[in-house]
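S.K.: Take a look at the following structure, please.
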Amino acid sequence: MRVPFNQIHIGGQEIGYIQRALANQHLSGHGPFTRTCQDWLQGRLGGGRTLLTHSATAALEMCALLADLGPGDEVIMPSFTFVTTATAFVLRGAVPVFVDIRPDTQNLDETRIEAAVTERTRAIVAVHYAGVAAEMDAIQAVARRHGLLVIEDAAQAILSEYHDRPLASIGDLAAISFHETKNLHSGEGGALVINRPDLAARAEILWEKGTNRSQFLNGQVDKYTWVDLGSSFQPGEMTAAFLLAQLEDGDAITAQRLKTWHDYHAAFADLERDGRLHRPAVPAGCRHNGHIYYLLLPSRESRSAFIDHMRRHQVDTLFHYVPLHSAPAGQRFGRSAGTLANTQRAGDTLVRLPLWRGMGARETAHVIDVATVFFRMPATLQAGE
Ligand SMILES: *Cc1c(COP(=O)(O)O)cnc(C)c1O
(Lines give C-alpha, C1' and ligand atoms only; values in the text may rest on other atoms or scores of the structure.)
Protein backbone atom coordinates (compact mmCIF):
# COMPACT_ATOMS: atom_id res chain seq x y z
CA MET A 1 0.00 0.00 0.00
CA ARG A 2 1.31 3.44 -0.92
CA VAL A 3 0.19 6.41 1.22
CA PRO A 4 0.79 9.81 -0.38
CA PHE A 5 1.39 12.83 1.82
CA ASN A 6 -1.62 14.70 0.45
CA GLN A 7 -4.48 14.03 -1.95
CA ILE A 8 -6.48 16.89 -3.39
CA HIS A 9 -10.09 16.66 -2.25
CA ILE A 10 -12.94 17.44 -4.63
CA GLY A 11 -16.34 17.11 -3.00
CA GLY A 12 -18.61 16.91 -6.04
CA GLN A 13 -20.44 20.25 -6.28
CA GLU A 14 -17.43 22.09 -7.73
CA ILE A 15 -18.14 21.34 -11.41
CA GLY A 16 -21.82 22.20 -11.12
CA TYR A 17 -21.04 25.55 -9.50
CA ILE A 18 -18.42 26.35 -12.15
CA GLN A 19 -21.03 25.62 -14.85
CA ARG A 20 -23.34 28.08 -13.12
CA ALA A 21 -20.56 30.66 -13.07
CA LEU A 22 -20.15 30.15 -16.83
CA ALA A 23 -23.89 30.55 -17.34
CA ASN A 24 -23.82 33.77 -15.27
CA GLN A 25 -21.60 35.35 -17.95
CA HIS A 26 -19.48 36.81 -15.16
CA LEU A 27 -16.01 35.26 -14.83
CA SER A 28 -13.92 38.16 -13.54
CA GLY A 29 -13.87 38.97 -9.81
CA HIS A 30 -16.52 40.36 -7.44
CA GLY A 31 -19.46 38.46 -8.93
CA PRO A 32 -22.25 36.43 -7.34
CA PHE A 33 -20.08 33.46 -6.26
CA THR A 34 -17.51 35.80 -4.72
CA ARG A 35 -20.27 37.51 -2.73
CA THR A 36 -21.77 34.18 -1.61
CA CYS A 37 -18.37 32.93 -0.40
CA GLN A 38 -17.74 36.21 1.42
CA ASP A 39 -21.16 36.02 3.11
CA TRP A 40 -20.47 32.42 4.15
CA LEU A 41 -17.10 33.38 5.61
CA GLN A 42 -18.51 36.45 7.38
CA GLY A 43 -21.21 34.22 8.88
CA ARG A 44 -18.68 31.72 10.19
CA LEU A 45 -15.89 34.10 11.16
CA GLY A 46 -17.56 36.44 13.57
CA GLY A 47 -18.93 38.95 11.08
CA GLY A 48 -15.79 40.87 10.15
CA ARG A 49 -15.86 42.19 6.57
CA THR A 50 -14.34 39.46 4.40
CA LEU A 51 -12.86 39.87 0.93
CA LEU A 52 -11.82 36.95 -1.26
CA THR A 53 -8.28 37.17 -2.59
CA HIS A 54 -6.30 35.00 -4.98
CA SER A 55 -4.10 33.80 -2.09
CA ALA A 56 -3.31 34.27 1.59
CA THR A 57 -0.16 35.96 0.36
CA ALA A 58 -2.30 38.62 -1.36
CA ALA A 59 -4.33 39.02 1.84
CA LEU A 60 -1.11 39.50 3.85
CA GLU A 61 0.07 42.09 1.32
CA MET A 62 -3.22 43.91 1.83
CA CYS A 63 -2.61 43.77 5.60
CA ALA A 64 0.78 45.43 5.09
CA LEU A 65 -0.86 48.18 3.00
CA LEU A 66 -3.67 48.68 5.54
CA ALA A 67 -1.10 48.92 8.33
CA ASP A 68 0.51 51.79 6.38
CA LEU A 69 3.94 50.31 6.88
CA GLY A 70 7.00 52.04 5.53
CA PRO A 71 10.77 51.53 5.41
CA GLY A 72 12.25 50.67 8.79
CA ASP A 73 8.96 49.83 10.47
CA GLU A 74 9.22 46.55 12.39
CA VAL A 75 6.84 43.61 12.37
CA ILE A 76 7.19 40.88 15.00
CA MET A 77 6.60 37.37 13.69
CA PRO A 78 7.81 33.80 14.10
CA SER A 79 10.68 32.52 11.96
CA PHE A 80 9.08 29.06 11.76
CA THR A 81 6.52 30.00 9.10
CA PHE A 82 5.93 30.19 5.37
CA VAL A 83 8.00 32.69 3.40
CA THR A 84 5.15 35.05 2.53
CA THR A 85 4.36 35.78 6.18
CA ALA A 86 7.53 37.87 5.86
CA THR A 87 7.66 38.89 2.18
CA ALA A 88 4.28 40.66 2.39
CA PHE A 89 5.80 43.14 4.85
CA VAL A 90 9.27 43.28 3.31
CA LEU A 91 7.61 44.50 0.09
CA ARG A 92 6.64 47.67 2.01
CA GLY A 93 10.21 48.09 3.28
CA ALA A 94 9.33 46.81 6.76
CA VAL A 95 11.72 44.65 8.80
CA PRO A 96 10.57 41.24 10.07
CA VAL A 97 11.71 40.77 13.66
CA PHE A 98 11.81 37.06 14.43
CA VAL A 99 10.79 35.86 17.88
CA ASP A 100 11.11 32.25 19.05
CA ILE A 101 8.21 29.81 19.17
CA ARG A 102 6.84 27.69 22.00
CA PRO A 103 8.18 24.12 22.08
CA ASP A 104 4.68 22.62 22.43
CA THR A 105 2.56 24.34 19.73
CA GLN A 106 5.32 25.77 17.49
CA ASN A 107 3.46 29.10 17.73
CA LEU A 108 4.94 32.48 18.68
CA ASP A 109 6.10 32.38 22.32
CA GLU A 110 3.84 35.05 23.76
CA THR A 111 6.15 35.58 26.75
CA ARG A 112 9.00 36.76 24.52
CA ILE A 113 7.18 39.26 22.36
CA GLU A 114 7.38 42.28 24.62
CA ALA A 115 11.17 42.12 24.85
CA ALA A 116 11.28 42.46 21.04
CA VAL A 117 9.20 45.64 20.91
CA THR A 118 11.09 48.82 19.94
CA GLU A 119 10.08 52.35 18.94
CA ARG A 120 9.78 51.13 15.36
CA THR A 121 7.49 48.16 16.07
CA ARG A 122 4.12 48.51 14.34
CA ALA A 123 2.51 45.08 14.23
CA ILE A 124 2.58 41.50 15.48
CA VAL A 125 1.83 38.65 13.09
CA ALA A 126 0.45 35.61 14.93
CA VAL A 127 0.70 32.44 12.83
CA HIS A 128 -1.63 29.63 13.90
CA TYR A 129 0.60 26.68 13.04
CA ALA A 130 -1.23 23.47 12.12
CA GLY A 131 -4.52 25.29 12.74
CA VAL A 132 -3.85 25.47 16.50
CA ALA A 133 -4.31 28.96 17.95
CA ALA A 134 -1.45 31.14 19.09
CA GLU A 135 -2.05 32.62 22.58
CA MET A 136 -4.17 35.51 21.34
CA ASP A 137 -5.14 36.96 24.75
CA ALA A 138 -1.52 37.48 25.74
CA ILE A 139 -0.55 38.69 22.25
CA GLN A 140 -3.36 41.23 22.21
CA ALA A 141 -2.44 42.45 25.68
CA VAL A 142 1.11 43.24 24.48
CA ALA A 143 -0.30 44.90 21.37
CA ARG A 144 -2.62 47.10 23.43
CA ARG A 145 0.19 48.17 25.77
CA HIS A 146 2.32 49.32 22.82
CA GLY A 147 -0.33 50.43 20.32
CA LEU A 148 0.46 47.67 17.80
CA LEU A 149 -1.72 46.11 15.14
CA VAL A 150 -2.41 42.37 15.46
CA ILE A 151 -2.52 40.42 12.22
CA GLU A 152 -3.48 36.74 12.26
CA ASP A 153 -1.79 34.59 9.65
CA ALA A 154 -4.70 32.16 9.75
CA ALA A 155 -3.65 30.57 6.46
CA GLN A 156 -3.95 27.09 8.03
CA ALA A 157 -6.70 27.86 10.50
CA ILE A 158 -10.09 27.86 8.76
CA LEU A 159 -12.79 26.62 11.19
CA SER A 160 -10.44 26.51 14.20
CA GLU A 161 -11.32 28.26 17.47
CA TYR A 162 -9.69 29.98 20.43
CA HIS A 163 -11.90 30.05 23.53
CA ASP A 164 -15.06 29.75 21.40
CA ARG A 165 -13.96 32.47 18.98
CA PRO A 166 -13.18 31.54 15.38
CA LEU A 167 -9.57 32.06 14.37
CA ALA A 168 -9.31 34.99 11.95
CA SER A 169 -11.96 36.86 13.98
CA ILE A 170 -9.65 37.99 16.80
CA GLY A 171 -6.85 40.17 15.40
CA ASP A 172 -7.38 43.53 13.70
CA LEU A 173 -6.83 41.77 10.36
CA ALA A 174 -6.46 38.14 9.29
CA ALA A 175 -5.37 36.18 6.22
CA ILE A 176 -6.78 32.77 5.25
CA SER A 177 -5.46 30.45 2.54
CA PHE A 178 -7.38 28.26 0.13
CA HIS A 179 -4.25 26.84 -1.50
CA GLU A 180 -4.64 23.21 -2.57
CA THR A 181 -2.54 22.06 0.40
CA LYS A 182 -4.95 23.59 2.93
CA ASN A 183 -8.08 21.98 4.45
CA LEU A 184 -10.50 23.82 2.14
CA HIS A 185 -9.16 24.97 -1.18
CA SER A 186 -9.71 26.36 -4.64
CA GLY A 187 -6.32 25.49 -6.12
CA GLU A 188 -5.03 28.93 -5.29
CA GLY A 189 -7.19 31.19 -3.14
CA GLY A 190 -7.47 33.18 0.05
CA ALA A 191 -9.39 35.72 2.05
CA LEU A 192 -8.74 38.88 4.02
CA VAL A 193 -10.81 39.35 7.19
CA ILE A 194 -11.13 42.92 8.47
CA ASN A 195 -12.22 42.99 12.10
CA ARG A 196 -11.63 46.72 12.55
CA PRO A 197 -14.62 48.45 10.93
CA ASP A 198 -12.60 51.64 10.37
CA LEU A 199 -10.28 49.74 7.99
CA ALA A 200 -13.02 48.14 5.86
CA ALA A 201 -13.64 50.98 3.40
CA ARG A 202 -9.95 51.33 2.60
CA ALA A 203 -9.59 47.54 2.26
CA GLU A 204 -12.30 47.54 -0.42
CA ILE A 205 -10.51 50.30 -2.32
CA LEU A 206 -7.17 48.43 -2.27
CA TRP A 207 -9.06 45.31 -3.37
CA GLU A 208 -10.70 47.19 -6.24
CA LYS A 209 -7.26 48.14 -7.62
CA GLY A 210 -7.18 51.54 -5.92
CA THR A 211 -10.61 52.68 -7.12
CA ASN A 212 -13.90 53.36 -5.34
CA ARG A 213 -15.66 50.82 -7.58
CA SER A 214 -17.30 49.13 -4.55
CA GLN A 215 -19.00 52.40 -3.61
CA PHE A 216 -20.06 52.79 -7.24
CA LEU A 217 -21.58 49.27 -7.32
CA ASN A 218 -23.44 50.10 -4.08
CA GLY A 219 -24.80 53.31 -5.62
CA GLN A 220 -22.88 55.55 -3.21
CA VAL A 221 -21.06 57.44 -6.02
CA ASP A 222 -22.17 57.95 -9.64
CA LYS A 223 -18.84 57.09 -11.28
CA TYR A 224 -15.71 55.35 -10.07
CA THR A 225 -12.19 56.61 -10.14
CA TRP A 226 -8.65 56.12 -8.81
CA VAL A 227 -8.53 57.18 -5.14
CA ASP A 228 -5.69 55.27 -3.36
CA LEU A 229 -3.05 52.55 -3.61
CA GLY A 230 -4.25 49.19 -4.88
CA SER A 231 -3.50 46.11 -6.91
CA SER A 232 -5.18 43.09 -8.46
CA PHE A 233 -6.10 40.96 -5.45
CA GLN A 234 -9.39 39.33 -6.50
CA PRO A 235 -9.89 35.75 -7.67
CA GLY A 236 -12.08 35.12 -10.69
CA GLU A 237 -15.59 33.72 -10.36
CA MET A 238 -14.62 30.18 -11.43
CA THR A 239 -12.28 30.04 -8.44
CA ALA A 240 -15.01 31.38 -6.15
CA ALA A 241 -17.51 28.85 -7.54
CA PHE A 242 -15.10 26.00 -6.80
CA LEU A 243 -14.44 27.44 -3.34
CA LEU A 244 -18.13 27.66 -2.45
CA ALA A 245 -18.47 23.90 -2.85
CA GLN A 246 -15.53 23.40 -0.49
CA LEU A 247 -16.88 25.84 2.10
CA GLU A 248 -20.25 24.08 2.12
CA ASP A 249 -18.39 20.80 2.71
CA GLY A 250 -16.15 22.41 5.33
CA ASP A 251 -17.54 20.86 8.50
CA ALA A 252 -17.46 17.33 7.05
CA ILE A 253 -13.91 17.80 5.74
CA THR A 254 -12.76 19.10 9.13
CA ALA A 255 -14.47 16.28 11.04
CA GLN A 256 -12.79 13.60 8.97
CA ARG A 257 -9.36 15.19 9.20
CA LEU A 258 -9.79 15.40 12.98
CA LYS A 259 -10.61 11.71 13.14
CA THR A 260 -7.34 10.81 11.40
CA TRP A 261 -5.50 13.34 13.59
CA HIS A 262 -6.87 11.72 16.79
CA ASP A 263 -6.06 8.21 15.55
CA TYR A 264 -2.44 9.27 15.11
CA HIS A 265 -2.40 11.07 18.44
CA ALA A 266 -3.65 8.04 20.36
CA ALA A 267 -1.25 5.72 18.55
CA PHE A 268 1.86 7.72 19.47
CA ALA A 269 1.00 8.38 23.13
CA ASP A 270 3.07 5.48 24.49
CA LEU A 271 6.08 6.40 22.38
CA GLU A 272 5.96 9.93 23.75
CA ARG A 273 5.75 8.58 27.30
CA ASP A 274 8.84 6.45 26.56
CA GLY A 275 10.73 9.56 25.45
CA ARG A 276 11.01 8.48 21.82
CA LEU A 277 9.27 11.51 20.27
CA HIS A 278 7.08 14.52 21.04
CA ARG A 279 3.51 14.89 19.85
CA PRO A 280 1.79 18.21 19.05
CA ALA A 281 0.11 19.97 21.97
CA VAL A 282 -3.31 21.62 21.84
CA PRO A 283 -3.67 24.09 24.73
CA ALA A 284 -6.90 24.15 26.74
CA GLY A 285 -9.54 26.30 25.06
CA CYS A 286 -8.21 25.66 21.54
CA ARG A 287 -10.28 23.72 19.02
CA HIS A 288 -8.20 23.00 15.96
CA ASN A 289 -9.07 21.81 12.47
CA GLY A 290 -6.80 18.79 12.01
CA HIS A 291 -4.70 20.59 9.43
CA ILE A 292 -1.35 18.91 10.18
CA TYR A 293 -0.24 15.94 12.25
CA TYR A 294 3.43 16.19 13.11
CA LEU A 295 6.01 14.52 15.34
CA LEU A 296 9.20 15.99 16.80
CA LEU A 297 12.08 13.53 16.67
CA PRO A 298 15.19 13.56 18.87
CA SER A 299 17.55 14.92 16.19
CA ARG A 300 17.89 16.02 12.59
CA GLU A 301 19.65 12.71 11.82
CA SER A 302 16.87 10.60 13.31
CA ARG A 303 14.32 12.60 11.32
CA SER A 304 16.21 11.82 8.09
CA ALA A 305 16.36 8.15 9.07
CA PHE A 306 12.62 8.21 9.82
CA ILE A 307 11.70 9.83 6.49
CA ASP A 308 13.88 7.26 4.65
CA HIS A 309 12.32 4.39 6.58
CA MET A 310 8.79 5.61 5.80
CA ARG A 311 9.65 6.10 2.12
CA ARG A 312 11.00 2.54 1.90
CA HIS A 313 7.56 1.43 3.10
CA GLN A 314 5.75 3.64 0.56
CA VAL A 315 4.65 6.29 3.06
CA ASP A 316 5.40 9.91 2.15
CA THR A 317 6.31 12.17 5.06
CA LEU A 318 7.66 15.73 4.90
CA PHE A 319 9.58 18.08 7.11
CA HIS A 320 8.38 21.68 7.14
CA TYR A 321 9.89 25.16 7.16
CA VAL A 322 13.51 26.11 6.88
CA PRO A 323 13.43 28.87 9.56
CA LEU A 324 13.26 32.26 7.87
CA HIS A 325 15.97 33.82 10.05
CA SER A 326 18.47 31.26 8.70
CA ALA A 327 17.51 31.77 5.03
CA PRO A 328 19.58 34.13 2.85
CA ALA A 329 16.74 36.63 2.39
CA GLY A 330 15.76 36.37 6.04
CA GLN A 331 19.26 37.44 7.01
CA ARG A 332 19.22 40.27 4.49
CA PHE A 333 15.77 41.69 5.28
CA GLY A 334 15.02 40.64 8.87
CA ARG A 335 16.60 40.32 12.24
CA SER A 336 16.19 38.02 15.23
CA ALA A 337 15.19 39.13 18.72
CA GLY A 338 16.76 36.78 21.25
CA THR A 339 17.68 33.17 20.71
CA LEU A 340 15.59 30.99 18.40
CA ALA A 341 16.36 27.57 19.89
CA ASN A 342 12.81 26.18 19.64
CA THR A 343 12.56 27.45 16.07
CA GLN A 344 15.79 25.68 15.18
CA ARG A 345 14.58 22.50 16.84
CA ALA A 346 11.29 22.53 14.90
CA GLY A 347 13.17 23.25 11.68
CA ASP A 348 15.51 20.32 12.33
CA THR A 349 13.28 17.66 13.87
CA LEU A 350 9.63 18.19 12.90
CA VAL A 351 8.12 15.73 10.43
CA ARG A 352 4.54 15.73 9.06
CA LEU A 353 2.55 12.55 8.45
CA PRO A 354 0.06 11.98 5.61
CA LEU A 355 -3.31 13.61 6.36
CA TRP A 356 -6.03 14.26 3.83
CA ARG A 357 -9.78 14.17 3.42
CA GLY A 358 -10.67 10.69 2.19
CA MET A 359 -7.78 8.97 3.95
CA GLY A 360 -9.17 5.67 5.19
CA ALA A 361 -8.65 3.74 8.42
CA ARG A 362 -6.47 1.22 6.54
CA GLU A 363 -4.10 3.91 5.35
CA THR A 364 -3.89 5.50 8.79
CA ALA A 365 -3.20 2.11 10.40
CA HIS A 366 -0.48 1.44 7.81
CA VAL A 367 1.28 4.74 8.58
CA ILE A 368 1.07 4.01 12.31
CA ASP A 369 2.41 0.46 11.89
CA VAL A 370 5.34 1.48 9.74
CA ALA A 371 6.21 4.39 12.05
CA THR A 372 5.98 2.17 15.14
CA VAL A 373 8.43 -0.31 13.62
CA PHE A 374 10.90 2.57 13.30
CA PHE A 375 10.55 3.71 16.89
CA ARG A 376 10.97 0.16 18.23
CA MET A 377 14.29 -0.25 16.42
CA PRO A 378 17.54 0.04 18.38
CA ALA A 379 18.39 3.63 19.24
CA THR A 380 21.49 3.67 17.02
CA LEU A 381 19.43 2.85 13.93
CA GLN A 382 16.87 5.48 14.91
CA ALA A 383 19.66 8.01 15.23
CA GLY A 384 20.54 7.36 11.61
CA GLU A 385 23.90 5.74 12.39
C1 LIG B 1 -0.04 28.46 3.08
C2 LIG B 1 0.45 29.56 3.92
C3 LIG B 1 0.62 30.87 3.44
C4 LIG B 1 0.45 31.22 2.00
O5 LIG B 1 -0.80 30.90 1.49
P6 LIG B 1 -1.09 31.13 -0.09
O7 LIG B 1 -2.57 31.06 -0.16
O8 LIG B 1 -0.41 30.00 -0.80
O9 LIG B 1 -0.55 32.45 -0.46
C10 LIG B 1 1.02 31.86 4.33
N11 LIG B 1 1.25 31.59 5.62
C12 LIG B 1 1.11 30.35 6.13
C13 LIG B 1 1.36 30.11 7.58
C14 LIG B 1 0.73 29.29 5.29
O15 LIG B 1 0.61 28.06 5.80
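The values are calculated or read from the model by the stated rules, or taken from the named source; none is laboratory data. What you see is a predicted model, and the numbers here were worked out from it, not measured in a lab. A quick note on method: Cβ atoms are made from the backbone with ideal geometry, for glycine too, and the neighbour counts reach across all protein chains shown. The protein model used for the area step is the full one, side chains on, heavy atoms only, and it has no ligands, DNA or RNA in it. Shrake-Rupley method; radii C 1.70, N 1.55, O 1.52, S 1.80 Å.
S.K.: If all Cα-Cα distances of the chain are sorted into 20 Å bins from 0 onward, what percent lands in each bin, rounded to whole numbers?
M.R.: Per 20 Å bin, starting at zero, the Cα-Cα P(r) for the chain comes out as 28, 56, 16, 1 percent.
S.K.: Now for a different question. Quick check for me: using +1 on Lys/Arg Cβ and -1 on Asp/Glu Cβ, what's the dipole size of the chain about its Cα centre, in debye to the nearest 20?
M.R.: 340
S.K.: Compare the peptides 205-213, 112-120 by average per-residue count of other Cβ atoms within 10 angstrom and give them in order, highest first.
M.R.: 205-213, 112-120
S.K.: Among the DSSP beta bridges whose two residues both lie in the stretch 91-250, what percent are antiparallel, rounded to the nearest 5?
M.R.: Beta bridges within the stretch 91-250, antiparallel portion: roughly 55 percent.
S.K.: For the stretch 171-281, give the magnitude of the charge dipole about the Cα centre (Cβ charges: +1 Lys/Arg, -1 Asp/Glu; no others), in debye to the nearest 20.
M.R.: The dipole magnitude comes to about 180 debye.
S.K.: Quickly rank 94-100, 310-316, 34-40 as a protection proxy: mean count of other C-beta atoms within 10 Å, highest first.
M.R.: In decreasing order of mean packing, 94-100, 310-316, 34-40 become 94-100, 34-40, 310-316.
S.K.: Just the C-alpha atoms of the stretch 174-316: what Rg/Rh do they give, with Rh taken as the Kirkwood radius?
M.R.: When Rh is taken as the Kirkwood radius, the ratio is 1.15.
S.K.: Hey, any idea what % of the chain's accessible area is carbon plus sulfur with a 1.4 Å probe?
M.R.: Solvent-exposed carbon and sulfur of the chain make up 52 percent of the total.
S.K.: Work out the charge dipole of the stretch 162-251 with +1 on the Cβ of Lys and Arg and -1 on the Cβ of Asp and Glu about the Cα centre, then indicate which of 214, 241, 169 is farthest towards its positive end.
M.R.: Value computed over the given set: 214.
S.K.: Name the residue farthest towards the positive end of the dipole of the chain from the options 43, 367, 266, assuming +1 on Cβ of Lys and Arg, -1 on Cβ of Asp and Glu, about the Cα centre.
M.R.: The listed residue farthest towards the positive side: 367.
S.K.: Could I ask something else about it? With every protein chain kept in place and ligands, DNA and RNA left out, what is the accessible area per residue of the chain? Probe 1.4 Å, answer in Å².
M.R.: Per-residue value: 42 Å².
S.K.: Please list 323-336, 67-80, 152-165, 122-135 highest first by mean number of surrounding beta-carbon atoms within 10 Å per residue.
M.R.: Averaged packing, sorted descending, gives the order 122-135, 152-165, 67-80, 323-336.
S.K.: Under a Cβ-only charge scheme (Lys and Arg +1, Asp and Glu -1), can you give me the dipole magnitude of the stretch 139-208 about the Cα centre, in debye to the nearest 20?
M.R.: 300
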